Amino acid sequence: MLIATAAATQHWWRDAVIYQVYVRSFLDSTGDGIGDLAGVRVGLPYLKKLGVDGIWLSPFYPSPQHDHGYDVADYTGVDPVYGDLAEFDLLVADAHRLGLKVLIDIVPNHCSSAHPWFREALAGGPDSPARSRFHFAPGRGADGALPPNNWRAMFGGPAWSRITEPDGEPGPWYLHLFTPEQPDLNWRDPAVGEHFDAVLRFWLDRGVDGFRIDVAAGLHKHPELPDSPDPEADERSRDSVNPLAWNQPEVHQVWRDWRAVCEEYTARDGLDRLLVGEVSVPTAREHAEYVRPDELHQAFFFHLLSARWDVDAFRRTISEAMRDIAGTGSTVTWVLNNHDQVRTVTRYAGEPSGEASGLGPARARAAALLMLALPGAAYVYQGEELGLPEVVDLPDEVLTDPIFRRTGSRRFVRDGCRVPLPWTGHASPFGFTSGAGAARPWLPQPEWFAEHATDRALADTRSFWHLYRDGLQLRRSLPQLGEGTLRWLETPPQVLAFVRGDGLVCAVNFGTEAAPAPVTGTPLLASGDCPPGVLPGSTAAWWISDPATTAPLFPPASSPKGPTA
């Protein structure tokens, strides 16, 4: 059953494909070895040719760069390393001329320790009202020498740091769920909400089409700041969260308020403004609470990203999303990667030899085609369209991720997916930066990046780039794709297959041995060689199936429950 109305289909975001630009690593226009907004502007025609609907820009605000911009010192400016507001305005104007939407990253959970608010809080002494904008609390134990509770930081170590008062005496502790350089804001202080209302309006007035919201489930903390029942959870996995510091019920009012601001702008000119949240919660049902009609428009569904390469895991994950998230009237927002995750080719390799054997790339191609066939929206991280693997052998001395600095462990280090993109040529800097006096890229590019350079990818019709481009073109031209219905087909073991709309069939073989194809005839698009009647291992394909002439070989299975199933 499908309940989408004609009005609903006019909302561009419901089935949009957005390309995530990690500005620092996209394209350098100045020769300093760091990507910038002018470089993004140069790359816009490339993204238009790829076929995406818009871009999401990682933080470019003034920042000490302890976490590469996610420690914001000024929410209404541009760090000089990335350009200035005039350059930002040119970028937005050029993107809009090309028909591309522009989303910017906003970081409301925490700011930089260099932010004027935090400096004021430190300088004001124990009675400073500025401290109410943050989570300051007295320590425990003798002379308050122990942290206020047992919470751990996501990036390692305690979630509390003690300050020294202006008179030199030891003071209270402040909360930071990531690093000491990123103090958490206290959203129970009205001044915080008022400030971000002004920040949203500042950027909306400059023409942005929406916001990607960092740590969208974490703004409110339990008011009593009690001990966590599992204090080590945050350090065991980046996907584990402290239930006392995340997903508190009060956070939903923040998104109602922000949605109202967006609706106010939409009422003026009829153009949708989008809120998409980074929502890390345990279940699809909890996820659905963030995309109710008066809250966020979208929230990244990370469960597909984290699902192991297994037919049952993927089917269960997709079914739960369709049942619980699409049931709100929103659409599911699918992702396979971002700037915090191991790149898909490497993640799916399965074992150290997987990339060399082709297993990782084959699975990554199949997963991309699967994602683009699912109902709803999708986000693609830069370089995924080039089939870039993770750079796993960066020397310790070049690593910049605060996770490494705080833990000494490379387990969750994110630099490997942030290495600057290769554009042209056979040696670093691969066109990322240019000029006789150009600096080296801020992270070193390996020699094998030459195999994935953009110029080579565009010239090879069998490349990842062409698979993404062809999938995006079909997604735009075929009425069965994007928003709409999904109906499962019965399949042999290791094969996942479903029907979209009236007759588009997508099938993925999660095994390594060939299986019968669910539809006779030649595929419309396939992630690898796919002869008629056969679906090779680690391959996905799309077919158009006319029920009157080329009915699927496999009968329908039970559909996931929900209004779009």
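Extension gain Asp197-Asp396, at 0.36 nm per residue separation less the Cα-Cα distance, in nm?
Net length gain for the segment: 67.6 nm.
How fast does the range 214-331 diffuse by Stokes-Einstein, in µm²/s, taking the Kirkwood radius from C-alpha pairs at 10 °C and 1.306 mPa s?
Translational D for this selection: 102 µm²/s.
Using 1/(1 + (r/R0)^6) with R0 = 41 angstrom and r between the beta carbons of Ala137 and Thr266, what's the FRET efficiency to the nearest 0.05?
Between Ala137 and Thr266 the formula returns 0.55.
Direction-averaged shadow area of the convex hull around the Cα atoms of the range 374-469, nm²?
Average projection, Cα convex hull of the range 374-469: 8.2 nm².
Taking a ≥ b ≥ c as the square roots of the Cα gyration tensor eigenvalues, with a/c under 1.5 meaning rounded and otherwise prolate when a/b beats b/c, else oblate, which class fits the range 101-241?
Values: a/c = 2.40, a/b = 1.37, b/c = 1.75.
Since a/c reaches 1.5 but b/c is at least a/b, the shape of the range 101-241 is classed as oblate.
Would you kindly derive the ³J(HN,Hα) couplings of the range 201-216 from the backbone phi angles with the Karplus curve 6.51 cos²θ - 1.76 cosθ + 1.60 (θ = phi - 60°), listing them in order in whole Hz, with x for Gly and Pro?
Coupling constants for the range 201-216: 5, 4, 7, 4, 5, 8, x, 5, 9, x, 9, 8, 9, 6, 6, 5 Hz.
Taking H as built 1.01 Å from N, whose amide H comes closer than 5 Å to the amide H of Leu525, not counting residues under 5 places away?
Here the answer is Trp542, since their amide H atoms fall under 5 Å of that of Leu525.
Name the residue farthest towards the positive end of the dipole of the chain from the options Ala326, His426, Gly416, assuming +1 on Cβ of Lys and Arg, -1 on Cβ of Asp and Glu, about the Cα centre.
Going by the Cα projections, it comes out as Ala326.
In which sequence would Thr331, Thr433, Thr266 go, from the one with the fewest C-beta neighbours within 10 Å to the one with the most?
The fewest-first ordering by Cβ neighbours comes to Thr266, Thr433, Thr331.
On a full-extension model of 0.36 nm per residue, what is the gain between Glu120 and Arg285, subtracting their alpha-carbon distance, rounded to one decimal in nm? Mind dumping the intermediate values first?
On the way: separation 165, 0.36 × 165 = 59.40 nm, distance 4.07 nm.
Going from the current span to full extension adds 55.3 nm.
Note the per residue figure in Å³ for the convex hull of the C-alpha positions in the range 116-175. Walk me through the intermediate numbers first.
Working: hull volume 5.2 nm³, N = 60.
That works out to 87 Å³ per residue.
Taking the beta-carbon count within 10 Å as an exposure proxy, list Met371, Met322, Met154 from fewest neighbours to most.
Details: Met371 21, Met322 25, Met154 28.
Neighbour counts put them in this order, fewest first: Met371, Met322, Met154.
Sort Lys48, Lys221 by Cβ crowding within 10 Å, fewest neighbours at the top.
So the ranking, lowest neighbour count to highest, is Lys48, Lys221.
Working out 0.36 nm times the residue gap between His11 and Gln473, then minus their Cα-Cα distance, what length gain in nm do you get to one decimal?
This chain segment gains 164.4 nm when fully extended.
Roughly how many whole Å is it from the C-alpha centroid of the range 446-489 to that of the range 134-184?
47 Å
Given H placed on each backbone N at 1.01 Å, which residues far from Ala439 in sequence or on other chains put an amide H within less than 5 Å of it?
HN-HN under 5 Å from Ala439: Asp32, Gly33.
Which residue, chosen from Thr522, Leu204, Phe118, occupies the Cα position most advanced towards the positive end of the dipole of the chain, where the dipole is computed from +1 (Lys, Arg) and -1 (Asp, Glu) charges on Cβ about the Cα centre?
Result: Thr522.
With +1 assigned to the C-beta of every Lys and Arg and -1 to the C-beta of every Asp and Glu, and no other charges, what is the dipole magnitude of the chain about the Cα centre in debye, to the nearest 20?
With Lys and Arg at +1 and Asp and Glu at -1, about 1400 debye.
Among Gln10, Thr30, Gly99, flag the residue with its Cα farthest along the positive direction of the charge dipole of the range 1-147, charges on Cβ as +1 for Lys/Arg and -1 for Asp/Glu.
Value: Gln10.
Compute, for the range 116-175, the length of the dipole vector about the Cα centre, with Cβ point charges of +1 (Lys, Arg) and -1 (Asp, Glu) only. Units Debye, rounded to 20.
So the magnitude is around 340 debye.
What does the helix-only formula give at 222 nm for the chain: each DSSP H stretch with n ≥ 4 adding -39500 (n - 2.57), the total divided by the residues, and the result rounded to the nearest 500 deg cm²/dmol?
-7000 deg cm²/dmol
Taking just the C-alpha trace of the chain, give me its Rg and Dmax in Å.
Rg then Dmax for the chain, in Å: 23.9, 84.
Read-outs: derived from the displayed coordinates by stated rules, not from any lab. Values in this document were obtained by computation on a predicted structure and should not be read as measured data. Note that each Cβ is placed from the backbone with ideal geometry, even for glycine, and that neighbours are counted across all protein chains shown.
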